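Every read-out reported here was derived from the displayed coordinates using simple, explicitly stated rules and does not represent laboratory data. As the structure is a computational prediction, the values presented were derived from the model and not from experiment. Every residue, glycine among them, receives a Cβ derived from its backbone with ideal geometry; neighbour counts consider all protein chains shown.
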Amino acid sequence: MSNNMNKAVDIQINPRGQLQHLLSTEGLPRELIIEILDRAEDFLPAGGRRIQSSGLLSGRTVMNLFFEPSTRTRTTFELAAKRLSADVLNLFMESSSRTKGETDLDTLLTLQAMHVDMLVIRHPDNGATTEFAQAVGEDVAILNAGDGSNAHPTQALLDAFTIRRHKPDFTQLKVAIVGDVLHSRVAHSNIHALKTLGVPDIRIVAPPALMLEGADTLGVQTYHDLATGIKDADVVMTLRLQHERMHEQRVTSLQDYHRDYGLTRSNLAPAADDAIIMHPGPINRGVEIDPEVAYGERAVVLEQVTNGIAVRMAVMAMIVAARD
Ligand code: CP
């Protein structure tokens, strides 16, 4: 990890211990993560009730700035901001002045001059959102909506929220993260969040060519064999094969990958009978997961999407409270 990414730990929390940016789950204190999950419960009460709206961001402006495609993260951030009564703007990069050569930093400084309160940013470069947070100082809150393969903190927080609703005691859990971990910001952020929340048994299951780098320093166990890696797991989270980040061939054939690592009904047999099945989306149907599993009785894939609204509301509400 570069010095820049380490800086995320230093600058996302203010001297009073409050959240001022959200850049990474690495170094995020347990109390803050629990506070985010508890606040999200207020916005999405258990029992199937609808998202609770609030005026907490009335008069504030939130801008979505996505340099990479997104369906669920961008729209749930927008919904979350609107449910909190913020004014919401979306800058679409393909029609922005970036196409005329404006740099990302100049784009950011231009938006800062419009007195936006929060910038929700997805960027292909590792560490980009931390650099942006350093550039804007305390004037604008930066929310990392995914930077390269580095971090996707709100995804990890909504995953933790979803897990807690089904398996309330993190300290009793076996969690298996399966698939293209090498390119996965979701995996990195989940490992940090789940470790901080006290999950004692985190397994990474991947073929050698897609294995997490530095797994030994993260305190997780690694497996190449799916059946061994998910044995008795309470949570099985699989990840998308990220072809767009593969600069060389890492999978010999999608059929072989599906046979060896795909979440099919039969491949899932070694997991605990009541295991929940997670995927951050978007899914490659029939590659890392079968549709009958992704939308089956043990799947929480669509719950993850709904929960993302509440968790993103919680993060934004806490950041605004810290700035007031
Ligand atoms: N999980 C996730 O980040 O999905 P999107 O790319 O659709 O935002």
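Lys231: which aspartates and glutamates have alpha carbons under 17 Å from its alpha carbon, excluding same-chain residues fewer than 8 sequence positions away?
Within reach: Asp201, Asp260, Asp273, Asp274.
Give me the percent relative contact order of the chain, please, defined on Cα pairs under 8 angstrom at least 6 residues apart.
Rounded, it is 20 percent for the chain.
Which values, in whole Å and largest first, are the semi-axes of the equivalent ellipsoid of segment 153-275 obtained as the square root of 5 times each eigenvalue of the Cα gyration tensor?
Three semi-axes, in Å: 22, 17, 12.
Run through all the Cα pairs of segment 208-308 and give the fraction in each 5 Å bin from 0, expressed as whole percent.
Final binned percentages: 2, 12, 21, 24, 22, 14, 5, 0.
Pick from Gly179, Gly55, Gly148 the residue whose mean-square fluctuation is largest in a GNM of the chain, springs joining Cα atoms under 10 Å.
Sorting by GNM fluctuation, first place goes to Gly55.
Whole Å is fine, so just give me how far the alpha carbon centre of segment 114-148 lies from that of segment 64-103.
What the calculation gives is 12 Å, centre to centre.
Seen from all sides and averaged, what is the projected area of the convex hull of the Cα atoms in the chain, in nm²?
Working: hull surface 63.5 nm².
So the Cα hull casts an average projection of 15.9 nm².
Could you calculate the FRET efficiency of Leu89 with Arg16 from 1/(1 + (r/R0)^6), where r is the beta carbon distance between them and R0 is 35 Å, rounded to 0.05? All intermediate terms of the calculation are to be shown ahead of the outcome.
Values: r = 29 Å, r/R0 = 0.83.
That gives a FRET efficiency of 0.75.
Go through 94-103, 159-168 and give me the packing order, highest mean Cβ count within 10 Å leading.
By packing density, highest mean first, the sequence is 159-168, 94-103.
Could you give me the ³J(HN,Hα) list for segment 253-261, computed from phi with Karplus coefficients 6.51, -1.76, 1.60 and θ = phi - 60°, whole Hz, x at Gly and Pro?
For segment 253-261, the Karplus curve yields 8, 5, 5, 5, 4, 4, 5, 8, 10 Hz.
Summing -39500 (n - 2.57) over the DSSP H runs of n ≥ 4 in the chain and dividing by its residue number, what mean residue ellipticity at 222 nm do you reach, to the nearest 500 deg cm²/dmol?
Values: 12 runs with 122 residues, N = 324.
Taken over the chain, the calculation gives -11000 deg cm²/dmol.
Explain nothing, just the number: dipole magnitude of the chain about its Cα centre with +1 on each Lys and Arg Cβ and -1 on each Asp and Glu Cβ, in debye rounded to the nearest 20.
Charge dipole of the chain: 580 debye, to the nearest 20.
Given that compact globular proteins tend to follow 2.2 N^0.38 Å, what is the ratio of the alpha-carbon Rg of segment 21-158 to that value?
Dividing the Cα Rg of segment 21-158 by 2.2 N^0.38 Å gives 1.06.
What residues qualify as long-range amide H neighbours of Leu143, i.e. H under 5 Å apart, gap of 5 or more or another chain, H built at 1.01 Å from N?
Leu22, Leu119, Val120, Ile121
Work out from phi, with θ = phi - 60° and the Karplus expression 6.51 cos²θ - 1.76 cosθ + 1.60, the ³J(HN,Hα) of each residue of segment 31-46, listed in order in whole Hz, and give x for Gly and Pro.
Values per residue, Gly and Pro as x: 4, 5, 5, 4, 4, 4, 5, 5, 4, 5, 4, 5, 7, 9, x, 4 Hz.
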